[in-house]
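**Student:** The structure under discussion is supplied below as structure tokens; questions concerning it will follow.
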Amino acid sequence: MSLSRGSIAALMSLTVLVLCLLLAPIAPWLVKWPAALTVPMTEWVGAGMSAFLALFKPLARGFSWAMSYPMNAAGYVLGQSPWPLVIGLVTAIGWVLGGLRMALLGAAGLGFVLLSGYWHQSMNTLALVVVSVPLAMIMGLAIGILAFEVPRLRGAVQAVLDVMQTVPTFAYLTPLLVLFGFGPVVGLIASAIYAAPPMARNVLLGLERVDAEIREAAVMSGGTRRQQLFLVEIPAAATQIMVGVNQCLMAALSMVIIAAVIGGFDDIGWEVLLTMRKAQFGPAFLAGLVIVVFAILIDRMSAKLAEPRQRHDRRVSWGILLLGGLMSVVFFSQDPATFGAFDSLAEAVDRGVGRFTANHGATLDGIKNGAMFYGLLPLRIGLDDAVLPFTWGFKWTAVHSAIVYGVAGLLAVFLVLRGRVTAGIVAMIVAGILVTGISQLPWPFVLVGVGAIGWISGGWKLSRLCVILLVLIGVSGLWERALLSLYLSGASVFACAVVGGALGLWGALSKTAWAVLRPVCDILQTIPLFVFLIPVLMFFQIGEFSAFLAICMYAVVPMIRYTRHGLVTTPPDLIEAAESAGATRMQILREVRAPYAAPTILLGLNQTILYAFAMLVIAALIGTTGLGQSIYLALGQADVGLGLTAGAAMAILALVADRLVQGFAEERRRALGL
Amino acid sequence: MTGTDTAPAIAVEGLWQVFGPNARAALTEARADGAGTAATLKARGLIPAVREASFEVASGELFVIMGLSGSGKSTLVRCISRLIEPTAGAVRINGEDILTASDKRLIEMRRDTLGMVFQHFGLFPHMSVADNVAFPLKMKGEGKAARRARALEVLNLVGLEGREDAFPRELSGGQRQRVGIARSLAVNPDIWFLDEPFSALDPLIRRQLQDEFLSIQSNLQKSIVFITHDIAEALKLADRIAIMRDGEIVQIGTPTQIVLNPVDDYVREFTRDVPRGRHMTLDEVMEPVGETTPAGDWPELRTGMNLETALTLCAASFEAVPVQDGDGKVVGVVHPESFVRALGGEHG
Ligand SMILES: Nc1ncnc2c1ncn2[C@@H]1O[C@H](COP(=O)(O)OP(=O)(O)OP(=O)(O)O)[C@@H](O)[C@H]1O
Ligand SMILES: [Mg+2]
């Protein structure tokens, strides 16, 4: 009997796992990454970067000083402008972009912000966005054009953009902090850096997609290269570029709010952080809502830019603006901070949450502890350590392990006899992981296992790349923390895959279900990461379970979307063929739709993984261990070495996961001939 | 090095376009090898899209390039207009070598001498019809008012008056191609490239545009390279036709020559469904006799008449029928068997 590639890989991993576990008692270095194999990477990076940064410090400080002017100016203008005028302006812009709907959205959104009493903080946030977005757009445009014009650079630029997308947001902040010093300018620059890649990506994509004949028509018209680019190609790519503008705006807003952790600026993100720290959930909730409102406003309005434009009468806009001006005169003395229409609401929320947690504390604790003791903890440290008399009612002994392995072995034999060799071996491996716990997996097994998966997914090259990258993490001494991050993101991704897959399936089967799910997904994708922390904190306090929930809420969306999309976009002729062969609805789903959707669903999983890693770092604010925590700590201590190394380790994990899943998706697509 | 009056509008000599890495070196090597250059290139994974193309287009001539999809027609015309750099060979426009022209000179030539129409129109989506048409003029630096006036003038010429402020997306396929034609004519170029301009249109519109194209051409008398894969279109429009196969020009000739004397099966296959009677004239089937005046009651057959017409005139005849020249003198006779032979395809 010859073994398939998958079986060989699985068998190899299993062998290494068994060997390591057997030898662990006499060779403990097989489990923990041996200290002899580490180098003081964090110190090296720290020293190197500090020296490097010191070189640019004067320049950066100068830049920081220069940037503070437009920033203060924007802050001053937005802060000092009478609020009716600002509302009028936003409403007028809404009208120009999207007619009555957008105008109403603008008026209602800012009206809410005004009434919330967070007007000043909001305007400060907006000022940061207003200054950082043009910076990001210019950078993005320049990078996009450069990459397009110099094809030799294209690959490199794409790679850098890829990496920038996986490096966690917090990791940017530490070196910037060192470079630019404490203060809002860091937030500004971080957000410009963070928001430039989506812009660059879309500019490049848009330019690449300009129809060859349109390009040639410009050439044959006798345009110079610059004329071709600016008069024809960029305008022809406008739709895609506007998608970039939308993403750029959203990224900037998200980052501006995250950057509030640096502090020193009275913006809305800071307000959330402050109230959250003081456990004032009502105000935190309200401030979070203000952020959500901003996100929705900016997103929906700028999304209109990428749609085919209807013209809306400009005169209406001028009218609205005039009205705003008149109102400004009337309400001149009205300080927007005195509005507090929702204070009672906030209090009510506070009280409500307080009462709810008091009344249902037992239930909430039950949920939390249940998930921790019976789910997360065993996954982290393994059944052998997690099962204690105190929680499970008995003590885990070698006998229990033997039973689990025995059952898994029987299952494996059964599967192998039915011809599913790989599945059988994988069952054994899973049993091993469950008993041992992810954070205590022997490192040789992790390396061999990832290498094996890489080999199946993308051949030797991918396998080698993944292993080398992981070894880098080990060598820099972050292995344990990386495994902790891996465990939490793995748990969340697993939960997202199950829940999101089920919801996606539901959305595919029922139109009503999708009508409900879709707006929820839309909103969840619009909300800046930070805001997810508020509701979980309200009910579950600081801790790993809250982090887990926050990650799941954010990362589940792509899984839902892609699953549904894959399932509903099966070509109609395939379905008709199946129907005419007499297949039932469920049969069609299982035999036709699901295999056809597999590559799309894998892409969704891929996105979910990236989302989970992104959130993992943010979730460090409410208590996770692992790399996220290190990055957050580094930020607090302005420790560039730790921040960057941990950030890089995080990026490596995300990158490896990304490549592996992409490889499988690619393989599935090829198998389907897509 | 501007050309003289006698230089052909376009002269192409030994033109090669090879796609793939290091094409130029590979081509030189493969040619040094001698026979089977294209095969050698293909074996090395390169694509010889145009091989050794040579032809001339006279001033005012309508030259059609035709061939199956993928035979290299577009690539050839893109080489001539230097939208892509040929791998080897020479292209002269009005006697001037375009391949060695500087970027500046190239832009000048495109602004003044060359015009191009694209298969899928290549209209700028963000510009109105008038702005699209005026774009080449804008490149030349003409003023706004002059541009608009000229744009309206050419739009008139192609029958699109009144639609100047529409956007391309608001037009039908036929109207879009009219815009494309108008744009290429805006600067009144001497040399006009059309890459399958009517292929994306339905047959009715296509015929209508072909007729309009011919009438425009009869007024403007431009030197034209027209690409098509439709033999009927080629025969209808062309002064001369070049037939391409796998990047190679296999035959160049007038429509009649192509129909009557296909050089090989490939060309014959193209012309198989062409009603031969429509492209063959009496001159080619009659047997010459000494000059006499016709005696008796013969149908009036004249030299230059195509066989289809002649056949309807003397369908009932079992004997040889005399053929007269323009002056009414009998210059030959044509036997009924000759008709049968010619139309049956046993010619040549
Ligand atoms: N940029 C390119 N790179 C590589 N190969 C190309 C390129 N452009 C064209 N080719 C190849 O050159 C050959 C000729 O293509 P070309 O577009 O000139 O054909 P065509 O005769 O115009 O066909 P059609 O009637 O479909 O337009 C084809 O085999 C094509 O695949
Ligand atoms: Mg073509």
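**Student:** When a/c reaches 1.5 or more, the comparison of a/b and b/c decides; with that in mind, is segment A:442-671 rounded, prolate or oblate per its Cα gyration tensor?
**Tutor:** It comes out oblate by the Cα gyration axes.
**Student:** On C-alpha positions alone, give me the angle between the axis of helix A:119-149 and the longest principal axis of chain A, in degrees, nearest 10.
**Tutor:** With both axes taken from Cα atoms, the answer is about 70 degrees.
**Student:** May I pose another question? Using Cβ counts within 10 Å as a stand-in for footprinting exposure, how do A:His400, A:His120 rank, fewest first?
**Tutor:** Result, fewest neighbours first: A:His400, A:His120.
**Student:** Still on this model: For B:Thr6, A:Thr397, A:Thr166, A:Thr608, what ranking results if the residue with the fewest other Cβ atoms within 10 Å of its Cβ goes first?
**Tutor:** B:Thr6, A:Thr397, A:Thr166, A:Thr608
**Student:** Among residues other than A:Gln165 whose Cβ falls under 14 Å from its Cβ, what is the net charge (Lys/Arg +1, Asp/Glu -1)?
**Tutor:** Net of charged neighbours comes to 0.
**Student:** What FRET efficiency would be calculated for the residue pair A:Val330, A:Gln310, taking the C-beta separation as r and a Förster radius of 25 Å, to the nearest 0.05?
**Tutor:** The value I calculate is 0.15.
**Student:** Would you mind classifying segment A:44-347 by shape? Square roots of the alpha carbon gyration tensor eigenvalues, ordered a ≥ b ≥ c; an a/c under 1.5 is rounded, otherwise it is prolate if a/b is larger than b/c and oblate if not.
**Tutor:** oblate
**Student:** Restrict the search to segment B:150-225; then list the GluC sites (Glu not before Pro) that DSSP places in a loop and that have at most 11 other Cβ atoms within 10 Å of their Cβ.
**Tutor:** Those that pass, being in a loop and sparsely packed, are B:Glu161.
**Student:** Over chain A, what is the relative contact order in percent, taking alpha-carbon pairs closer than 8 angstrom and at least six residues apart?
**Tutor:** Taking the mean separation of contacting Cα pairs over the length of chain A, I get 20 percent.
**Student:** Oh, and also: For segment A:61-67, what does the Karplus curve 6.51 cos²θ - 1.76 cosθ + 1.60, with θ = phi - 60°, yield as ³J(HN,Hα) per residue in whole Hz, taken in order and with x for Gly and Pro?
**Tutor:** 3J(HN,Hα) across segment A:61-67, in whole Hz: 5, x, 4, 4, 4, 5, 6.
**Student:** How far apart, in nm, are the 7 Å Cα→Cβ label points at B:Leu313 and A:Gln662?
**Tutor:** Simple spin-label model gives 7.4 nm for this pair.
**Student:** List the lysines whose Cα lies under 23 Å from the Cα of A:Lys395, skipping any in the same chain that are fewer than 8 positions away.
**Tutor:** A:Lys368
**Student:** Measure out, as a whole number of angstrom, how far apart the alpha-carbon centroids of segment B:216-252 and segment A:520-581 sit.
**Tutor:** What the calculation gives is 58 Å, centre to centre.
**Student:** Per DSSP H run of at least 4 residues, take -39500 (n - 2.57); add these up for chain A, divide by its residues and hand me the 222 nm value, nearest 500 deg cm²/dmol.
**Tutor:** Helices in chain A give a 222 nm mean residue ellipticity of -27000 deg cm²/dmol.
**Student:** Given an 8 Å cut-off on Cα distances and at least 6 residues of separation, report the relative contact order of segment A:442-671 as a percent.
**Tutor:** For segment A:442-671, the relative contact order is 27 percent.
**Student:** Mind checking the angle between helix B:23-33 and chain B's longest principal axis? C-alpha axes, 0 to 90 degrees, to the nearest 10.
**Tutor:** 40 degrees
**Student:** If you don't mind, there's one more thing I want to ask. By how many nm would the segment from B:Phe167 to B:Ser199 grow when fully extended, if each residue of separation counts as 0.36 nm and the alpha-carbon distance is taken off?
**Tutor:** Taking B:Phe167 through B:Ser199 to full extension adds about 9.3 nm, to one decimal.
**Student:** What distance in nm separates the simple spin-label points at A:Leu388 and B:Ser102, each placed 7 Å from Cα in the Cβ direction?
**Tutor:** With each label placed 7 Å out from Cα toward Cβ, I get 8.4 nm.
**Student:** What 222 nm value per residue comes from the helices of chain B, counting each DSSP H run with n ≥ 4 as -39,500 (n - 2.57) and dividing by all residues, nearest 500 deg cm²/dmol?
**Tutor:** One gets -11000 deg cm²/dmol as the mean residue ellipticity at 222 nm.
**Student:** How high is the FRET efficiency from A:Val516 to A:Gln80, r the C-beta distance, R0 45 Å, rounded to 0.05?
**Tutor:** 0.55
**Student:** Tell me the net charge near A:Tyr632. Cut-off is 15 Å between Cβ atoms, A:Tyr632 excluded, with +1 for each Lys or Arg and -1 for each Asp or Glu.
**Tutor:** Neighbour charge sum, excluding A:Tyr632 itself: 0.
**Student:** Rounded to the nearest 5, what % of DSSP beta bridges with both residues in the protein assembly as shown are antiparallel?
**Tutor:** Antiparallel bridges make up about 55 percent of those DSSP assigns within the protein assembly as shown.
**Student:** Which ³J(HN,Hα) values, rounded to whole Hz and listed in residue order, are derived for segment A:394-410 from phi using the Karplus coefficients 6.51, -1.76 and 1.60 in 6.51 cos²θ - 1.76 cosθ + 1.60 with θ = phi - 60°, glycine and proline given as x?
**Tutor:** 8, 9, 6, 10, 4, 4, 4, 4, 4, 4, 4, 5, x, 4, 4, x, 4
**Student:** Between A:Ala212 and A:Ile575, what is the spin-label point distance in nm, taking each point 7 Å from the Cα along the Cα→C-beta axis?
**Tutor:** 3.5 nm
**Student:** Once you average over the residues of A:222-233, how many Cβ atoms of partner chains fall within 10 Å of each Cβ?
**Tutor:** Mean shielding by partner chains, rounded to a whole number: 4.
**Student:** Can you give the local net charge around B:His335? Use residues other than it whose beta-carbon is closer than 11 angstrom to its beta-carbon, Lys and Arg +1, Asp and Glu -1.
**Tutor:** -2
**Student:** What FRET efficiency comes out for A:Lys395 versus A:Lys461 if R0 is 56 angstrom and r is the Cβ-Cβ distance? Round to the nearest 0.05.
**Tutor:** 0.75
**Student:** When Cβ neighbours within 10 Å are restricted to other protein chains, what is their mean count per residue of peptide B:136-147?
**Tutor:** Neighbouring Cβ atoms belonging to other protein chains average 2 per residue here.
**Student:** Using each residue's phi in segment B:274-280, evaluate 6.51 cos²θ - 1.76 cosθ + 1.60 at θ = phi - 60° and report the 3J(HN,Hα) Karplus result to the nearest Hz, with x for Gly and Pro.
**Tutor:** 6, x, 5, x, 7, 10, 9
**Student:** Something else about it: Calculate the mean, over all residues of peptide B:111-123, of how many other protein chain Cβ atoms lie within 10 angstrom of the residue's Cβ.
**Tutor:** 4
**Student:** Give the residue list of trypsin sites (Lys or Arg not before Pro) in segment B:30-66 that are DSSP loop and have at most 15 other beta-carbon atoms within 10 angstrom.
**Tutor:** Of the trypsin sites (Lys or Arg not before Pro), the ones in loops of segment B:30-66 whose Cβ has at most 15 other Cβ atoms within 10 Å are B:Arg44.
No lab work stands behind these numbers, since they all come straight from the coordinates. In this text the structure is predicted, and so the values were computed from the model without any measurement. Note: ideal-geometry Cβ built from the backbone for every residue, glycine included; neighbour counts use all protein chains shown.
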